[in-house]
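Here is the structure we will look at.
The values are calculated or read from the model by the stated rules, or taken from the named source; none is laboratory data. Bear in mind the structure is a predicted one, so any value in this text is a computation, not a measurement. With ideal geometry, Cβ positions are generated from the backbone for all residues, glycine too; neighbour counts draw on all protein chains shown.
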């Protein structure tokens with residue numbers, strides 16, 4: 001446990017001490033994320049925070065970790081390097097969504113097929129338990145792509161992606177601790193330490209953004225934590241204390257980024273636009289429209305994510321599909337609240353305008369008669 005604590009502290013310190021230097025270099029080289037119509041921020045801000053997170057996590061994990069028990073460690077490392085440099089290139093010169101998808105497919109294919117980090121059991125969800133290797137690889141790759149992009153897409157408000165991924169990483173670290181899975185616990189908590197150091201400079205008003213180099217590598221690692229969490233609790237692998245509802249708990253842990261991504265992808269498809277075309281239809285955009293500040297949006301969505309985790313934990317003794325159903329229904333209800341409040345607010349404004357017009361019309365004849 002001392003080793004894990006040292007890894008967390010080291011990761012945090014590397015991150016928090018590296019970021020000021022990165023900000024200085026970004027300013028000298030004019031490497032900014034410039035304001036655009038689809039973006040919320042109004043100031044030029046460096047977007048290379050992912051460099052600090054990646055370096056802090058990698059150095060701490062290599063220094064304190066002993067990953068002989070993790071199958072496919074070297075393939076995870078290669079995949080992370082591929083994603084990091086792909087994301088870094090996008091932060092500097094901008095890559096097309098298709099090219100970013102290619103790098104994600106390459107990284108996902110590497111760890112699932114050669115590294116053997118994949119799902120083998122669905123815990124009875126959809127009536128399925130053990131699944132063939134080919135289907136397991138395809139399903140695991142899909143999960144990795146979706147989770148990685150969900151982190152990338154939620155990164156739209158100061159501190160939001162960092163706060164959510166910190167909660168997610170720390171939560172997985174807690175569950176790995178309960179299972180005595182020290183190697184994966186060290187990885188998840190070391191990542192949490194690096195993100196925490198970054199948050200000191202990213203919470204509103206942000207001095208730096210994590211960029212794609214950060215969001216893609218963090219999202220990829222979280223997807224691996226998710227697969228391992230589900231797999232380590234499967235009937236064929238898990239021990240006596242395994243969580244039969246692991247897929248449902250994983251859904252709750254990732255609920256905000258996953259729901260937001262699914263929602264915007266469906267809406268874009270219904271509007272016959274590319275699912276990768278940026279817009280202002282994310283949950284954080286609707287909260288901003290309701291008059292919330294960046295800090296308030298981050299706090300609200302972080303608290304919502306924590307609440308869902310607690311709900312899933314309290315009903316964890318149920319079957320996985322029941323937990324997933326409860327979380328999904330609640331997410332649909334809670335996710336519509338910002339839109340409902342915004343439309344209600346607009347209706348109130350329109351009603352006020354109508355009332356003012358009625359008052360004006362009612363006074364108009366009196367005024368005319370008075371003039372006569």
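Numerical summary
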item: Options 168, 135: the member that is part of a helix (DSSP H, G or I) and in contact (Cβ under 8 Å) with a residue 12 or more places away in the chain; result: 168
item: Cβ-Cβ under 6 Å pairs, at least 6 apart or on other chains, the stretch 175-191 side at positive phi, far side modelled with pLDDT under 95 and crowded, with 23+ Cβ neighbours inside 10 Å; result: none
item: Residue count, the stretch 265-291 (criterion: out of contact with any helix residue (DSSP H, G or I) (no Cβ under 6 Å at 6 or more places or on another chain) and part of a loop (DSSP other than H, G, I, E, B)); result: 9
item: Subset of the stretch 122-132 that is touching a residue at least 24 places away in the same chain (Cβ under 8 Å) and part of a helix (DSSP H, G or I) - its residue that is surrounded by the most Cβ atoms within 10 Å (Cβ to Cβ); result: 125
item: Positions within the stretch 301-340 being within 18 Å of the chain's Cα centre (by Cα), buried (at least 17 other Cβ atoms within 10 Å of the Cβ) and without any contact (Cβ under 8 Å) to a residue 60 or more places away in the chain, in sequence order; result: 304, 308
